[in-house]
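The values are calculated or read from the model by the stated rules, or taken from the named source; none is laboratory data. Keep in mind it's a predicted model, so treat the numbers as computed, not measured. Note: ideal-geometry Cβ built from the backbone for every residue, glycine included; neighbour counts use all protein chains shown. The accessibility values were calculated without ligands, DNA or RNA, using every heavy atom of the protein model including side chains. Shrake-Rupley method; radii C 1.70, N 1.55, O 1.52, S 1.80 Å.
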Amino acid sequence: MEVRSILEVAFEWFCECGAFEQLRKQSKCYSADSTEKTVYRFVFKMDLMDLLDFNATLGNLAIVEPLNAINVFQEVSYIVIHTLSWIPDLLLSSQVLVVVRFSSVPPYQESISSWNLAGNGQPNLMKICGIISGITAVTQYTQSARFYCPHSDCLGSAKYCYIRVHMAGKTENVTVRSDFVCRYCGCSLLEDVTCRTLADKCIVQVISPLTVDRKLWINTGCGKFYQTIPIYVRDELIREVQIGCYCSFVLLPSCEIHSSSLELHCTPVFEANNIEKMSSSPFLNLLPSSLPNRIEMLHKDRGSSAWSFVSSLSYCFGASVTPPGTFFHLKMFLLMSLLLLHSSDCPEDTKQANSRHLHLLVIADDLLRIQRLFLYMASFAKRMLVYSPPSDLFPSCCRDPFGSGTFMINAGCISLASDGVCLIPNAAVLKKDEKDKLQCALENGCMAVKVPKNFGSYQGRQVTMPLTSSVWVCSEPSQKSSHHAVPDDDPVLNMGLSECSTLPRVFVDQFSLVFNLSGSAEQFENSDESVCEEVLRKAIDHEEDEDVMYISDEEMSQFLHHAGQKHVSLTVAAQDLIQGYYLASRRTKNSLSTVGADFPSSALQHLTSLAIAHAKLSLRSEYGEKLVGLRAIHIVDGGETFISQGLRIHPRFRGLGLSTRLIDAIHKHIRQEYPKVCRERFTTKSDNIERLSIQKKYGDTALFERDILAFYVNRETLKPHHLEAVAGTFDLKVKACSRLFLYNFILNDSVANMFPGRTIVVDWEPFEALRSNINCLFEEGDCVFSDRDANDCSTGVLPKSFAHGRRSPRVSEEDVVMAIVLYEDSIKWKYGYSGLGPVDPPSPSSDGAEFFGPKNDIRMEQIQERIRRFCSTFKDGHYSPFKVFVHEE
């Protein structure tokens, strides 16, 4: 294909993929800036698969010779800008620097060596995936520089005749050095240092499965190969790299040849063209989004109870490691911790993201069985690392091995376990400084790495990294704790954790929960004899019917992935219960002068996280088969209208115009996938200034405005005789409506036109009163009332009153009760007191009803009433605002 035709095809592709619009917007920013620039840099994102579908020749050029393809796009960009006069100061094509970020590149599967790279004149695009295990300090490199001929009468003395820009995969001396000569007169060129443009770069080390399987050989020529892949990351891509993250890298590989008196040395160079963060376990996205059949049946069977379903999962989970019923509360907490790690709707900022990671300390006599349980449970996490003393637990600092003169941060086990579990089998292997670092990391939610003194200008610098993994620790009890007998009926325990563990109290206080199984009934019931008995029972059990309580590992992984996608929020009653328990516990501690430990200020965060996890495990947020997302779209009116709901932008990124971009993306998707749709409906509050400004920008028309009256009613007041007495005070009598009545009479034109804008608002969604929307207007569990029934309407009397009610999913008070039950186990052993009294789990030798049957419901209701009485001892703790308690701490 001729060069001219390639430029034409590239221009058509620019218009097709949206690059033309990106070029216009970036040029507009440059033209608004009065500062004179030597080089104008433009960044485009292109999907390689779409490019291949558009034109195979141009797509093949981008794969085989990506630098030549970028040069074609650069020439097209210059022609467009120069022709349309978008940047008046742009004179030559050498002033345009185009960076193309390719995506949808197929993964690399072949073998490679440095000599293969040296033999290739042009680097091919390749993609690898891996975990970032190290990162150097950010330094600067020359992005562009201007040279000129010293002779004023030479053509080479023109202002923009010699402009050199960085080439992917090349080092600094390719862009800037002193031996460049003028092609007109042969004189040495001089650099105009005022026009040099500097940018940021760093080097990351990536652990890839290709290096583990030896499919990616990076032979250095000296009989060595890299176990980690060094990748150069430049410019805005630096923001995408973080130690422990699992990313996909689109690379431009090349090779540097160093000659010496004896031999040639070949050094491979990998430069990142594009970086995309990926899930730590990509295979989870391949799991079905629905519930496994066995768990769905179990949920339906236990649906009448607020606690039975989660209790059943905890009872049977890990049955292949420990008998059912043993370590009941411990297994329940581990399930909650795993679910929070699988959650996709949690915030990403460091301060709130810590609520996703619950840290656990277990004190037990027989660590072997606990370690086996931990290993089994942690296998369901997205990533799991087991710490052993030869390896580093925390990130460390060393000199940059690539010769930049700076430092490199190497990841430890905790950093590499990002979004997963870091398991420490025995706390006794930790040294004192490691315990101190772990204590600070758990307390602050971040890890600090100090740069040693021998790094020159970097001396005294401190690098901070967030703690993005859950830490599970096992520990042995102290010798004297085994001789203590703990009274079960004493509401205020006299033995603190300092007497039952070799670990210092200030260290233990930083864990979310602590379970002391030393000398407990669970530890005794889970002895070798009981385990052998359970194994023999399963071996001789020849019943053909499969146990309904048995859940396979695949089904549990699918369930955790499914439940983690659910979105829940706290009800007012749940918030009041958490705050009431928190205040009551703090004041109970203050009344016990013999106890020296403060009630943890992190209790609010941990209790909220546990309550949310219990609600997700209970599938309490599930309603029908609808998923709640950041931007929910509902196609209604027979495919002619879509309802948008839930426009939410993260607080860190507000004010950047992302709402408008999200709306534009939704409109584009609707036009492509649902061409029949011709209008959009949405609701918003009258004080939502940001959303109203967007509505004004798009010229949306307001249909009507209504007031909102919200009432909070205690469950105790919802008695039938109370409701009947209140209903008798009204002249208007309402009657319950069926789905058929709603379809035949309410959605009839004569009645539907009476609604403002012919619109019925249900759970913030404005539906037009059409019979085609009956499935949206009436769902299972809805409460619909009218002043007429079918008999009245059959005589020609039309309804004049209509009411619709739908329950919204929330974290209920029952979820908070279970969270407090788990937290009480920790408080009792951490601080040696409990104002709530004993809430021990059922004995493992008891029947299933003690765990998930009616007996368990009665037990949990008694505990719930005990918590209410405990909270009511300090009445001002019930209705205090949430922010007061955060400020108090």
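Selection within the stretch 57-110: residues that are among the hydroxyl-bearing types (Ser, Thr, Tyr) and under 19 Å from ILE6 (Cβ atoms). The member of this set that is modelled with the lowest pLDDT is SER93. Pairing residues of the stretch 46-74 that are assigned by the TED database to the domain that holds TRP13 with residues that are acidic (Asp, Glu), at Cβ distances under 9 Å and at least 6 apart in sequence or on separate chains, gives ASP50/GLU16; PHE54/GLU12; PHE54/GLU16; ASN55/GLU12; GLY59/ASP50; GLY59/ASP53.
The residues in the stretch 415-433 that are part of a helix (DSSP H, G or I) and over 29 Å from CYS247 (Cα atoms) can be counted, and the count is 5. Scanning the stretch 369-384 for residues that are closer than 11 Å to SER470 by Cβ and open to solvent by 40 Å² or more (accessible area, probe 1.4 Å), which turns out nearest to the chain's Cα centre (by Cα)? Once the filter is applied, the top-ranked residue is LYS382.
So that you can scan it fast, the table gives a plain yes or no per residue for (1) surrounded by 18 or more Cβ atoms within 10 Å (Cβ to Cβ); (2) in a strand (DSSP E or B); (3) at pLDDT below 70:
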site	(1), (2), (3)
ASN791	no, no, no
ARG807	no, no, yes
GLU814	yes, no, no
MET818	yes, no, no
TYR823	yes, no, no
LYS830	yes, no, yes
TYR833	yes, no, yes
LEU836	yes, no, no
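Residue-wise test of (1) in contact with a helix residue (DSSP H, G or I) (Cβ under 6 Å, 6 or more places away or on another chain); (2) part of a helix (DSSP H, G or I); (3) modelled with pLDDT of 70 or more.
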{"residue": "ASP576", "(1), (2), (3)": "no, yes, yes"}
{"residue": "LEU583", "(1), (2), (3)": "yes, yes, yes"}
{"residue": "ALA597", "(1), (2), (3)": "yes, no, no"}
{"residue": "GLN605", "(1), (2), (3)": "yes, yes, yes"}
{"residue": "LYS616", "(1), (2), (3)": "yes, yes, yes"}
{"residue": "GLU622", "(1), (2), (3)": "no, no, no"}
{"residue": "LYS626", "(1), (2), (3)": "no, no, no"}
